[in-house]
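Peer 1: Structure incoming, see below.
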Amino acid sequence: IGGVVSAETPMAKPLMENEPGKSMFEGGRGFANGEFQEPRGLCVDSKKRVYVADTRNYRIQVFLSDGTYIGQLGERGNDVGQFEEPMDVAVDRADRVYVLDTWNHRVQVFTDKGEYVSTIERQFYGPRAIAIDPQTNVVYVSDSGHHVVNVFDRSGKFIGIIGNRSQQPGDAEGE
């Protein structure tokens, strides 16, 4: 039901650094590099790179701390390295990038160079947020459709649930 899927030959495009694009401080709304359509989650890695979940552009944009656009992860789709409305992004101590791929109902994990590592799957329905404990690398994923938080170890193995999982997505008392 839950666990990690790995690919021997990843199909994801690696992070293309030094691509032309606007600074995140000047980008605004749009589709070009450095522009956003509903940016949601963001995080900063140990090298001070800023990752932004550009939800409706179906990608994660990457910037230096001064705002310089340096590249992106992903494109629209459901294969490895593709996303359907990524709503959040997080990094662990090793600067692995965890992309909450909301409508593909999964979390995809990449190296800091954008190389695909693995996928965490657990019958999510509309996962909306991800957080990683900086001391233990324990991964927390909120599942809004089931009204719970799923907990995984650093390898992506399911540990447990916080809350009571609804049997049907959207089912909960008070709805």
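Peer 1: Find how much the distance from Asp66 to Ala131 grows on full extension, using 0.36 nm per residue of separation minus their present alpha carbon separation; answer in nm with one decimal.
Peer 2: Values: separation 65, 0.36 × 65 = 23.40 nm, distance 2.41 nm.
Stretched out fully, the Asp66 to Ala131 stretch lengthens by 21.0 nm.
Peer 1: OK, next. Size of the dipole of the range 109-169 about the Cα centre, Lys and Arg at +1 and Asp and Glu at -1 on the beta carbon, nothing else charged, in debye to 20?
Peer 2: Roughly 140 debye for the range 109-169.
Peer 1: Ok, one more. Hey, got a sec? Which trypsin sites (Lys or Arg not before Pro) in the range 73-160 land in a DSSP loop and have at most 15 other Cβ atoms within 10 Å? Spell out each step's value before the answer.
Peer 2: Working: sites: Arg76, Arg93, Arg96, Arg106, Lys113, Arg122, Arg128, Arg154, Lys157; in loops: Arg93, Arg96, Lys113, Arg122, Arg154, Lys157.
Sites meeting the loop and neighbour criteria: Arg93, Lys113, Arg154, Lys157.
Peer 1: Given H placed 1.01 Å from N in the peptide plane, which residues other than close sequence neighbours of Val117 have an amide H under 5 Å from its amide H?
Peer 2: Val109, Phe110, Thr111
Peer 1: Also: Over the range 17-175, what is the relative contact order in whole percent, taking alpha-carbon pairs under 8 Å and six or more residues apart?
Peer 2: 13 percent.
Peer 1: Further question on the same structure: In sequence order, what are the phi-derived ³J(HN,Hα) couplings for the range 90-95 according to the Karplus relation 6.51 cos²θ - 1.76 cosθ + 1.60 with θ = phi - 60°, rounded to whole Hz, with x for glycine and proline?
Peer 2: With coefficients 6.51, -1.76 and 1.60, one gets 8, 10, 9, 4, 8, 6 Hz.
Peer 1: Shifting gears a bit: Suppose every Lys and Arg Cβ carries +1 and every Asp and Glu Cβ carries -1, with no other charges. What dipole size does the range 54-175 come out with about its Cα centre, to the nearest 20 debye?
Peer 2: On the way: 12 positive and 19 negative charges, 44 e Å.
Using Cβ point charges on Lys, Arg, Asp and Glu, the range 54-175 gives about 220 debye.
Peer 1: HN-Hα J couplings of the range 52-59 from phi, Karplus 6.51/-1.76/1.60, θ = phi - 60°, integer Hz, Gly and Pro as x?
Peer 2: 3J(HN,Hα) across the range 52-59, in whole Hz: 10, 6, 8, 3, 8, 9, 6, 7.
Peer 1: Please list, in chain and number order, the residues 5+ apart from Phe83 or on another chain whose amide H is under 5 Å from its amide H, with Hs placed from the backbone.
Peer 2: Glu75, Arg76, Gly77
Peer 1: Suppose each label sits 7 Å from its Cα in the direction of the beta carbon; what would the Arg93-Ile162 distance come out to in nanometres?
Peer 2: Distance between label points: 2.0 nm.
Peer 1: HN-Hα J couplings of the range 35-47 from phi, Karplus 6.51/-1.76/1.60, θ = phi - 60°, integer Hz, Gly and Pro as x?
Peer 2: 9, 10, 10, 6, x, 10, x, 8, 7, 10, 8, 5, 8
Peer 1: Follow-up. Can you give the FRET efficiency to the nearest 0.05 for Glu75 and Ser144, using r as the Cβ-Cβ distance and R₀ = 30 Å? Write down the numbers at each step before the final one.
Peer 2: Values: r = 24 Å, r/R0 = 0.81.
E between Glu75 and Ser144, to the nearest 0.05, is 0.80.
Peer 1: Hey, got a sec? Which chymotrypsin sites (Phe, Trp or Tyr not before Pro) in the range 54-154 land in a DSSP loop and have at most 14 other Cβ atoms within 10 Å?
Peer 2: Working: sites: Tyr58, Phe63, Tyr69, Phe83, Tyr98, Trp103, Phe110, Tyr116, Phe124, Tyr125, Tyr140, Phe152; in loops: Tyr58, Phe124, Tyr125.
In loop regions of the range 54-154 (DSSP not H, G, I, E or B), there are no sparsely surrounded chymotrypsin sites (Phe, Trp or Tyr not before Pro).
Rule-based calculations on the coordinates, nothing more; no lab input. Everything quoted here is computed from the prediction, not taken from an experiment. FYI the Cβ positions are ideal-geometry reconstructions off the backbone, even for glycines, and counts take in every protein chain you see.
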